[in-house]
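One structure is given here, and the rest of the page talks about it.
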Amino acid sequence: MNTIIINKILMHMMDFEHRKIYHSKEFVDMNETNIDYYRKKVEKALTSSTMKELTVGSLHELMLRCDKMCESDEEFIKQASDITDKLYTLGSVIEEMPNCNVLFVDCYKDGERVMAVLKLNYRTIDMSVVEDGIVRITKQQVLPAQGANVDEAIIMNCDHKKLYLIEKKYTIDGKKDFYLNSQWIKGEEALTDKQKISTMTKVIKKLDDLYNVNDGKAMPMMKSEIQEKVDTNQPVKPLEIVRKVLEKDYQAQEESETMMKDLGIDEESEVENVSIPSIDTCKLVLDDEIEVKLPVDEYLHGQKVQKIRQDDGSYQIVLKDVNEIVVK
C-alpha cells in the first residue's frame, strides 16, 4: 500500500568542506512551499528497491536510539544530534564525501511507526553570477532534485524492531566500498528487493530455457503473477512465484527451489517494494532485432497474437483483428 504519514522532521547539515556541523533545535515547518519535497524524499527512501534489511539485536545502538526517539521531542532532538555526530565522524575521513542535509523523520508507513535518517547529498550545478558588473559562471552546491533517489538512509521500524539501510559506495583506501554497515552498524545483510527480483528472474529464465516449461512465456507469467499479488495486496514471495511459473515441470520446480535457497531466498522472503520497469508489458525480441511490444495479459491469454512454429523450426508471428496501425 505504501501509505506514509509524516509526524515530524528535524534537519541538520554536515559541511565537510568547512568541517562544520549545524544542529537544528527546532522541527521543520512543513508548509505549502516545501511539503512536497519532504514527502517525496521520505517516499523515495521508504520504497527504495535498494533498501536492504540488516539483522541486528534488539539492544543494538540504533534500535535503542529508536526507542528513545519515540519517548519525547527532547529525546528525538538529542538522539538525532548524536547520530549526526556519528555520521560526520565517519564521513570526515572519506575524501569525496559531499556536503549534505540529514533529515530525521518520525512517520508511519502502512500503520507501522518508523524512524528514518535520510542523508541528502548535495550535487554541484553550474550557475551564472554577476559580481562588480562582470558576468561569470561558477559552481553551486544544491540539494538533490525532488524526484531523485535517496543515496543513503537508515530506516528503523519501531514496532517490529527491524533495521534497514540504503548505502552508497565511496572511494575508501583506493577502492569503491560501502562504509555505514561495515564501519558502524555491523548487521548481517539480507538481499535487497532489487536483488530478490533479479535472482527470481535469472532462476526462472535458466530453468525455463533448460526444460522448455512455458514455451517462451515464463517472463510474462512472472510479471503477471507479481502484478496480481500487488493488485490484491498479497505478499510478493519470490519462491512462491517461481514455483507457480514452473509448476508444469516437477524437476524444474525442484531445481528452482534449491537454487533460490542457495542464493539466499527462502519461504519467508518477500519483496516489499516492487520495482520492475513496464511490469504490465512484455517484448518479443526477434533474432533480426525487431521488437514487438504488447500487454502481458494479451500475450498470455489474448487472441490477437499468435506464435506459430514452422516446419523448418522458425516461427511465424501473426497479429489478428487489427483495425488501425499507427507508426510512432
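Some points to look at:
- Pairwise inverse Cα distances across the stretch 224-328, averaged and inverted, put the Kirkwood hydrodynamic radius at 16.7 Å.
- Taking the square roots of five times each eigenvalue of the Cα gyration tensor of the stretch 141-282, the equivalent ellipsoid has semi-axes of 32, 18, 16 Å, listed largest first.
- Between the stretch 60-90 and the stretch 244-263, the Cα center-to-center distance that results, in Å: 44 Å
- Prolate/oblate/rounded call for the stretch 250-292, Cα gyration tensor, a/c under 1.5 rounded: oblate
- Surface composition of the stretch 130-279: carbon and sulfur atoms hold 46% of the protein heavy-atom accessible area at a 1.4 Å probe.
- The C-alpha radius of gyration of the stretch 1-160, expressed as a fraction of 2.2 N^0.38 Å, stands at 1.13.
- Cα gyration tensor shape for the stretch 1-89, rounded if a/c is under 1.5, else prolate or oblate: rounded
- For the chain: rounded, prolate or oblate by the Cα gyration tensor [a/c cutoff 1.5]: prolate
- Stretch gain in nm, segment Ser198-Asp82, where the contour uses 0.36 nm per residue and the Cα spacing is subtracted: 38.1 nm
- Within a straight-line Cα-Cα reach of under 14 Å, Lys186 can be paired with the following aspartates and glutamates, leaving aside sequence neighbours fewer than 8 residues apart in one chain: Glu53, Glu61, Glu167.
- For the pair Ala148 and Tyr108, label points projected 7 Å from Cα toward Cβ lie 3.2 nm apart.
- In order along the stretch 41-58, phi translates into HN-Hα couplings of 5, 5, 4, 4, 6, 6, 10, 5, 6, 9, 5, 10, 7, 10, 8, 9, x, 5 Hz, rounded to whole numbers, per the Karplus curve 6.51 cos²θ - 1.76 cosθ + 1.60 with θ = phi - 60° and x for Gly and Pro.
- Distance in nm between pseudo-label sites at Ser275 and Thr171 (7 Å out along the Cβ direction from Cα): 2.6 nm
- Listed pairs Lys119/Lys176; Lys68/Lys168; Lys196/Lys283; Lys78/Lys169 exceeding 24 Å between Cα atoms: Lys68/Lys168; Lys78/Lys169
- FRET E, pair Glu26, Ile5, Förster distance 25 Å, beta-carbon r, rounded to 0.05: 0.75
- Packing here is the average count of other Cβ atoms within 10 Å per residue, and on that basis the peptides 250-263, 112-125, highest first, run 112-125, 250-263.
- Contour minus Cα-Cα distance for Glu267 and Val129 (0.36 nm per residue): 43.8 nm
- Over 28 Å apart at the Cα level, from the set Lys237/Lys307; Lys217/Lys261; Lys8/Lys52, are Lys237/Lys307.
- Solvent-accessible heavy-atom area per residue, rounded to whole Å², over the stretch 150-290 at 1.4 Å: 55 Å²
- Label reach from Lys248 (point 7 Å along Cα→C-beta): in the stretch 289-310, amide nitrogens under 18 Å belong to 296-310.
- Value of Rg to Rh for the stretch 48-95, rounded to two decimals, is 1.05; Kirkwood radius and Rg both from alpha-carbon coordinates.
- Rh by Kirkwood over Cα pairs, then Stokes-Einstein D for the stretch 59-141 at 1.567 mPa s and 4 °C, µm²/s: 83 µm²/s
- Pairs from Lys162/Lys293; Lys41/Lys206; Lys41/Lys86; Lys44/Lys293; Lys161/Lys229; Lys41/Lys229 whose Cα-Cα separation, in the structure shown, is over 31 Å: Lys162/Lys293; Lys41/Lys206
- Here each label is just a point 7 Å from Cα along the line to Cβ, and for Gln183 and Asp297 those points are 5.0 nm apart.
- Relative to the current alpha-carbon distance between Ser58 and Glu75, full extension at 0.36 nm per residue lengthens the span by 4.2 nm.
- The alpha carbon centroids of the stretch 277-320 and the stretch 113-192 are separated by 42 Å.
- The 3J(HN,Hα) values that the Karplus relation (6.51, -1.76, 1.60; θ = phi - 60°) gives for the stretch 309-315 are, in residue order, 7, 8, 4, 8, x, 7, 10 Hz. Gly and Pro appear as x.
- The stretch 1-117, accessible surface, carbon-and-sulfur percent (1.4 angstrom probe): 47 percent
- Cα-based reach from Lys304 at 20 Å (exclusive), listing aspartates and glutamates while leaving out same-chain residues under 8 positions away: Asp215, Asp280, Glu291, Asp321, Glu324
- Mean Cα-pair separation over length for the stretch 97-137, i.e. relative contact order, pairs under 8 Å, 6 or more apart, %: 33 percent
The values are calculated or read from the model by the stated rules, or taken from the named source; none is laboratory data. All figures in this text were calculated on a predicted structure; none of them were measured in a lab. Cβ coordinates were reconstructed from backbone atoms using ideal geometry, including for glycine residues, and neighbour counts include every protein chain displayed. Side chains are part of the model used for accessible areas, which takes the heavy atoms of the whole protein and leaves out ligands, DNA and RNA. Shrake-Rupley method; radii C 1.70, N 1.55, O 1.52, S 1.80 Å.
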